[in-house]
Amino acid sequence: MSYSGSNHVSRIPDANGYYGEFGGNHWPAHMGPALEELTGAYEQLRSSPDFRHELDTVRTGLQGRPTPVLHLENISNQLGGARIYVKREDLNHTGAHKINHCVGFALLARRMGKRKLIAETGAGQHGVALASAAARFGLECEVHIGATDADKVNANVDLMRLLGARVVPVASGQSTLKEASDSALHAYTEQHAHALYAIGSAIGPHPFPMIVRDFQSVVGQEARAQFLAITDGVLPDHVVACVAGGSNALGLYSGFLDDPEVALHAVEPLGKSAEFGQHAATLTFGRPGTLHGASSVVLQENDGTPAAVMSIASGLAYPGVGPEMAMLCKSGRVSVDTVSDEEAVGTFLRIARSEGIIPALESAHALAFAIRLAADRPRRERILVNLSGRGDKDVDFVLARFAPGGLGTEPGDVDRQRGPAGLRRYALHPGKPHSR
Ligand SMILES: Cc1ncc(COP(=O)(O)O)c(C=O)c1O
């Protein structure tokens, strides 16, 4: 593991934790010593060969890295345009990219003499990954989750408990990711003497966004080498990732940020519509503000209160974004597009039937955009997408909500799906009832 491969990564953030105008530490002053302790420990450990060796060993043995890059041949052939490849972060132990930084935080906590990890989770993927890392390294684990999300991804809540975590359901506001983050941050401020906050994304005050980005950079480093090996030395033309806080996107981008010929795309959730309160497209509709200890771009009311947000993907329903993503988008290095709930679900079904892979609804947003892009681009171009997680957690919800009468079984049924029209067809499909 090395973080020094990228010029971009070694240049930012600055000494105060700023990414251009975004970032910094906007937590209450009494948390200053805890953040300084973490910054000091991380600066010491990040260059320690011993720590890097320990992390590499865990990545191989516990996580199952490296994860492969796969050409989605069936979808690419159906589209007839640019070819789509995926980085299979869904094949990580616990099913998503989140474990890349969870094992890093667990090792850091142990070296710092902390006995507990605290975090928030939305889709439950970060919670399960953290619970697993905590169990492996003999640490206590406390995961805060919005009550609405806990109902939606209840299988992940069971997994967290099975792995020994204390799950704290949060019933306030919309009872989703923002409220879970508020609650976890509060718990950390009370317990920082013996606990480390293993934040779920590249958000929060310095040094959290930097630490998460660094631990996630393994995704981009691997993907770059794998892609070059598959294509005999040709880089992808486009690199695509979904974005809430930015951990999976920054991880994948880190392999390509210094290659101006590679276009980087961020995909945000348009939810039900572009109307305020119906989506969580922060970079598209937000404005500068401060949330969870960092200045960044925030979806907010006129008085600065974080807006209500909506997305079918719990892990994307967040009214903020990490400061590095905000900087990369503002500078134009990363372009931003949106995908609606309906298009994401259509893609979820289509990828399952066409490629034999069930993507997380979060990742289905990135795949949906890649499908749109591929259809518009020539065959010679290649698109690399971060398949950030697997969709087992979403299966019950999608089937109950969108295919209450069961899915069709005719060959090619889903291959012909095109977003909303396809969904309506599924909702009306008279196939056999879905049994659970
Ligand atoms: C599978 C998956 N992908 C993506 C995300 C979005 O988070 P981030 O922007 O930090 O990658 C989540 C968040 O829960 C997730 O579970």
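The values are calculated or read from the model by the stated rules, or taken from the named source; none is laboratory data. Owing to the predicted nature of the structure, the values given are computational and were not obtained by experimental measurement. Here the Cβ is made from the backbone with ideal geometry for all residues, glycine too, and neighbour counts use every protein chain on show. Each accessible area value is taken on the protein alone, full model and side chains, heavy atoms only, with ligands, DNA and RNA left out. Shrake-Rupley method; radii C 1.70, N 1.55, O 1.52, S 1.80 Å.
Structure data summary
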| item | result |
| --- | --- |
| Any pair with Cβ under 6 angstrom, 6 or more apart, that starts in the range 208-236 at a residue that is farther than 16 Å from Val9 by Cα and ends at one that is basic (Lys, Arg) | Ala223/Lys87; Pro236/Arg382 |
| Residues located in the range 165-191, provided they are farther than 19 Å from Gly320 by Cβ and either in contact with a Leu (Cβ under 9 Å, 6 or more places away or on another chain) or open to solvent by 60 Å² or more (accessible area, probe 1.4 Å) (or both) | Ala165, Arg166, Pro169, Ala171, Glu190 |
| Verdict on Gly24 being in contact with a strand residue (DSSP E or B) (Cβ under 7 Å, 6 or more places away or on another chain) and not assigned by TED's automatic domain parsing to the domain that holds Arg377 | yes |
| Residues that are at negative phi and without any contact (Cβ under 8 Å) to a residue 60 or more places away in the chain, drawn from the range 395-406 | Val395, Val398, Leu399, Ala400, Arg401, Phe402, Ala403, Pro404, Gly405 |
| Options Pro260, Pro236, Pro205; residue that is away from the ligand (no atom under 15 Å from the Cβ), in contact with a Gly (Cβ under 6 Å, 6 or more places away or on another chain) and part of a loop (DSSP other than H, G, I, E, B) | Pro205 |
| Residue that is modelled with pLDDT of 95 or more, polar (S, T, N, Q) and loosely packed, with under 12 Cβ neighbours inside 10 Å, where the choices are Asn16, Asn7, Asn74 | Asn16 |
| Test: residue in the range 93-102 that is in contact with a Cys (Cβ under 9 Å, 6 or more places away or on another chain), open to solvent by 10 Å² or more (accessible area, probe 1.4 Å) and within 30 Å of Ile358 (Cα to Cα) | yes |
| Hits in the range 141-177 (condition: assigned to a loop (DSSP other than H, G, I, E, B) and of a type in the set (S, T, N, Q)) | Ser172, Gln174, Ser175, Thr176 |
| Pairs with Cβ under 7 Å, 6+ apart, first in the range 239-255 and in a loop (DSSP other than H, G, I, E, B) and open to solvent by less than 10 Å² (accessible area, probe 1.4 Å), second more than 7 Å from the ligand (Cβ to nearest atom) and of a type in the set (Phe, Trp, Tyr) | Gly245/Tyr318 |
| Selected residue (only one of Thr60, Thr94, Thr67 is under 22 Å from the mean Cα position of the chain (by Cα) and without any contact (Cβ under 8 Å) to a residue 24 or more places away in the chain) | Thr60 |
